[in-house]
């Protein structure tokens with residue numbers, strides 16, 4: 001699964017990497033992004049492709065209560081089209097979640113140790129996601145997303161058996177395009193083929209209240 005990640009990339013570089021217009025919201029580095037928070041997401045609609053803030057935890061359009069999103073932070077690639085909450089979004093509302101790293105916890109020495117996992121060059125990755133708009137009566141619309149997961153690749157499967165699906169840069173436009181046949185889009189969801197680095201970090205990251213550089217600092221650093 002993916003239950004915590006980071007996005008510390010400067011805004012101007014993030015805009016360049018994903019080929020989107022300048023952000024229209026307050027953007028700042030995040031070291032410990034948690035479910036239920038509003039997070040930067042790359043998505044396309046009739047206004048084009050851009051970065052916008054969406055709530056992490058997908059709220060289906062048919063839901064009675066938006067709190068259901070707390071249980072919908074991840075969507076398994078293998079069952080996207082089988083789940084009523086995810087099916088239509090997988091067909092026509094796909095997105096990318098920029099992240100420069102994500103966390104997993106593993107059992108070591110009788111306790112859980114957090115690891116920060118990132119690309120070797122520490123460039124931002126595009127995690128595959130789906131998004132939805134929820135609206136009920138006089139309530140304000142909620143735009144939300146879920147991160148899609150796949151089997152972990154060989155490099156990190158010792159930490160966890162699942163990982164977020166990472167869409168390689170050449171395939172990002174294909175993934176985002178609602179005109180892409182769903183079978184072609186879903187064929188992109190596979191264990192990451194590149195190399196990822198992982199190292200243990202402080203248990204600071206265990207609490208979403210801690211959102212600081214110390215969350216990604218190696219514990220073996222002097």
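The values are calculated or read from the model by the stated rules, or taken from the named source; none is laboratory data. Keep in mind it's a predicted model, so treat the numbers as computed, not measured. All Cβ positions, glycine included, derive from the backbone under ideal geometry; neighbour counts span all protein chains shown.
Scanning segment 163-181 for residues that are crowded, with 19+ Cβ neighbours inside 10 Å and either modelled with pLDDT under 95 or in a strand (DSSP E or B) (or both) yields 163, 164, 166. Within the option set 196, 186, 204, 159, being touching a residue at least 24 places away in the same chain (Cβ under 8 Å), surrounded by 14 or more Cβ atoms within 10 Å (Cβ to Cβ) and out of contact with any strand residue (DSSP E or B) (no Cβ under 8 Å at 6 or more places or on another chain) holds for one residue only, 186. Considering (1) closer than 22 Å to residue 100 by Cβ; (2) surrounded by 15 or more Cβ atoms within 10 Å (Cβ to Cβ), the lone condition that residue 122 does not fulfil carries the number (2).
The number of residues in segment 66-84 that are under 15 Å from the mean Cα position of the chain (by Cα) and buried (at least 17 other Cβ atoms within 10 Å of the Cβ) comes to 7. Would a scan of segment 30-44 turn up a residue that is within 25 Å of residue 180 (Cα to Cα), modelled with pLDDT of 95 or more and more than 15 Å from the chain's Cα centre (by Cα)? Within segment 30-44 (the criterion being within 25 Å of residue 180 (Cα to Cα), modelled with pLDDT of 95 or more and more than 15 Å from the chain's Cα centre (by Cα)), the answer is no, since none of the residues qualifies. With the requirement that a residue be outside any loop (DSSP other than H, G, I, E, B), over 12 Å from the mean Cα position of the chain (by Cα) and crowded, with 21+ Cβ neighbours inside 10 Å, what does segment 47-65 give you? Matches in segment 47-65: 51 only. Against the test of being in a loop (DSSP other than H, G, I, E, B) and either farther than 25 Å from residue 13 by Cβ or in contact (Cβ under 8 Å) with a residue 12 or more places away in the chain (or both), the options 214, 137 yield a single qualifying residue, 137.
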